[in-house]
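Right, one structure below, let's go through it.
Read the figures in this text as sums done on the coordinates, not as results from a lab. The model shown is predicted, which means the values in this text are computed figures rather than measured ones. All Cβ positions, glycine included, derive from the backbone under ideal geometry; neighbour counts span all protein chains shown.
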Amino acid sequence: MLSLRRRQRRPEIMDQADLQPARHVGALCGLARVNFLSGSAGILWPPLRDLARRLGRPIRILDAASGGGDVPLRLWRRARRAGLDFRIDGCDRSPFAVEHARIRAAAAGADVGFFVADVLSGPALTDYDVVMCSLFLHHLGEEEAVDFLRWAAATAAHRVLVNDLERSSLGLALAHVAVRLLTASDVVHTDGPRSVESAFTMAEARALAERAGLHGAAVQWRWPFRYLLTWSRP
């Protein structure tokens with residue numbers, strides 16, 4: 001039986017540069033369904049809403065490693081319904097994923113921009129109040145995760161938000177079942193459980209934030225077997 005006391009990192013199919021377009025689209029759509037039913041946008045919404053209300057102005061948000069863009073699109077719609085002005089961009093190192101996200105945004109009439117960028121190799125960006133990400137941190141090695149968190153803190157004028165999986169036996173069992181119920185994508189069927197195996201625990205995520213200089217970051221459990229790491233600039 002696989003032990004989850006330590007991370008078990010295995011290559012994920014979605015990280016393959018030569019993934020066939022049809023399988024890539026299927027995986028992006030499958031992940032969008034998983035994100036919807038697991039409430040990724042809902043996890044990120046309260047701190048974004050509260051910051052926008054506190055600042056009393058439009059807020060600029062960057063969704064790092066945005067994939068198919070489903071999370072920022074849902075947040076943009078939610079902000080419109082609440083009368084808030086979220087100016088959201090998403091970036092990803094995959095040109096294919098970025099184009100997929102642009103098509104979805106155009107079809108929805110959403111004013112959300114997407115661009116190609118590798119957040120692990122580029123300089124800090126400017127003019128963003130918030131850097132957020134969903135289901136990205138577990139793809140990284142420890143040093144990469146520290147580098148990303150440091151980059152996010154340098155880019156964000158006010159807040160960093162990380163929504164990710166928590167490594168646990170129950171979470172792994174749920175992943176095995178849920179991905180087969182929610183999507184026909186063989187990519188997600190394989191990568192879903194592997195993602196849980198490679199995820200950080202809440203204590204490990206808090207330690208990474210401290211190493212990156214995000215002192216005082218809060219890490220809180222969220223259903224289903226996720227956590228939200230929140231850091232606010234002093």
- Applied in sequence order to region 224-233, the curve 6.51 cos²θ - 1.76 cosθ + 1.60 (Karplus, θ = phi - 60°) yields integer Hz couplings, x standing for Gly and Pro, of x, 6, 10, 9, 10, 8, 10, 10, 10, 5
- Message: Just to confirm my numbers, what's the Cα centroid distance between region 1-63 and region 140-211 in Å?
- Response: 9 Å
- Item | Integer Hz, Karplus 6.51/-1.76/1.60 couplings in order for region 129-144, x for Gly and Pro | 7, 9, 10, 10, 7, 10, 6, 10, 4, 5, 6, 9, x, 4, 5, 4
- Among beta bridges assigned by DSSP with both residues in region 126-229, the antiparallel ones amount in percent, to the nearest 5, to 55 percent
- Message: Once you place label points 7 Å from the Cα toward the Cβ at L37 and R211, how far apart are they in nm?
- Response: 3.4 nm
- Note on the structure: Taking N as the number of residues in region 134-200, the ratio of its alpha carbon radius of gyration to 2.2 N^0.38 Å works out to 1.29
- Which value, in nm² and rounded to one decimal, describes the direction-averaged projected area of the C-alpha convex hull of the chain? 11.9 nm²
- Task: Could you list H138, H176, H189, H215 in order of exposure, starting from the residue whose Cβ has the fewest other Cβ atoms within 10 Å?
- Result: H215, H176, H189, H138
- Message: To make sure I understand, if each residue's beta carbon is the centre and we count other beta carbons within 10 Å, what order do L44, L140, L75 fall in, fewest to most?
- Response: L140, L75, L44
- Name the long-range amide H neighbours of R226: under 5 Å, sequence gap of 5 or more, or other chain; modelled H, no Pro or chain starts. E166
- Item | Order of W45, W151, W221, W231 under a 10 Å beta carbon neighbour criterion, fewest first | W221, W45, W151, W231
- Message: Quick check: from the Cα gyration tensor, does region 1-113 come out rounded (a/c under 1.5), prolate or oblate?
- Response: oblate
- Query: Using the Cα atoms as the points, what is the convex hull volume per residue of region 47-172 in Å³?
  - Reply: 119 Å³
- HN-Hα J in Hz across region 86-99 - Karplus 6.51, -1.76, 1.60, θ = phi - 60°, x for Gly and Pro: 9, 9, 10, 10, x, 10, 7, 7, 8, x, 5, 5, 5, 5
- Output the antiparallel fraction of DSSP beta bridges having both residues in the chain, as a percent to the nearest 5. 40 percent
- Note on the structure: Taking r as the C-beta separation of R93 and D186 and R0 as 25 Å, the FRET efficiency to the nearest 0.05 is 0.65
- Item | Residue-span extension gain [R5 to W45] - 0.36 nm each, minus C-alpha spacing | 11.3 nm
